[in-house]
Each structure stands twice: as C-alpha cells, then as structure tokens.
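Written out below as structure tokens is the structure these notes cover.
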Amino acid sequence: MERVAAELFTDGGNDAVVRLPGRRFPGVLIQGDTLSTIRSDVAELADLCATGDLAEARETAALLLDELDARLQRYTEALAAHGIPRPF
C-alpha cells in the first residue's frame, strides 16, 4: 500500500470528489459497498432485458440514470466551485 496526499473537493461522503497526485482532473471516490450495489442493479437490469420484462427494465434503468446523474451533478458542481474545467 502506498500513502499519498489527495486533494478533497467535497466532503468525504460516499461520493467524494478527489484528485490524486499526477492527475489533471479529479475523480469520484465510490465506496466498495456502493460499487457492489451499482453492479447488482446493472445485473438486475440485464436480467430484466434478457427475460423481456421491458417495463421493469425501463424503471430500473431510470433509477440507475437518476443515481448517476446526481453523482455527475455533484462532480460538475465541485469542479465549477474550484474553477476546474470539465474533462468532457
């Protein structure tokens, strides 16, 4: 394990915006349990598509999109607050 000093652009919550040394742009730190939940949700979406339950798949996809949109919004707001251009 290597210890490094990172720049923290938001509070240290579950989706903290941080920049590691040597990186131009910050990233989003997602805790392992949250990553596992996102993976499970995507697996559920794939299963729903495979079984043809498109109504439920659309609902699951909409929830996932809302979650990702909220994280992206937090990221872009953190960058804007610190005068950093978006990398996209």
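Any chance you could count how many residues in segment 1-44 are aliphatic (A, V, I, L, M) and within 15 Å of the chain's Cα centre (by Cα)?
Taking segment 1-44 and keeping what is aliphatic (A, V, I, L, M), we get 1, 4-6, 8, 16-18, 20, 28-30, 35, 38, 42-43.
Going one step further and asking which of them are within 15 Å of the chain's Cα centre (by Cα), we end up with 16-18, 28-30, 35, 38, 42.
The qualifying residues number 9.
Among the residues of segment 31-88, what is the count of those that are within 16 Å of Asp15 (Cα to Cα) and touching a residue at least 12 places away in the same chain (Cβ under 8 Å)? Steps first, please.
Residues of segment 31-88 within 16 Å of Asp15 (Cα to Cα): 31-39, 64-79.
Of the ones still in play, those that are also touching a residue at least 12 places away in the same chain (Cβ under 8 Å) are 31, 34, 38, 64, 67, 71, 74-75, 78-79.
Here the count works out to 10.
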Sole miss for Arg86 among (1) in a helix (DSSP H, G or I); (2) basic (Lys, Arg); (3) exposed (fewer than 14 other Cβ atoms within 10 Å of the Cβ) is condition (1)
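Take Ile38 and decide whether it is of a type in the set (A, V, I, L, M) and assigned to a loop (DSSP other than H, G, I, E, B).
Numbers: of a type in the set (A, V, I, L, M): yes; assigned to a loop (DSSP other than H, G, I, E, B): no.
It is false that Ile38 is of a type in the set (A, V, I, L, M) and assigned to a loop (DSSP other than H, G, I, E, B).
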Within segment 40-60, residues surrounded by 15 or more Cβ atoms within 10 Å (Cβ to Cβ) and among the small types (Gly, Ala, Ser) come out as Ala57
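No value in this document is a laboratory result; all are computed from the given coordinates. Every value quoted in this text rests on a predicted model; they were computed, and no experiment measured them. Cβ atoms come from the backbone with ideal geometry, glycine included; neighbour counts cover every protein chain shown.
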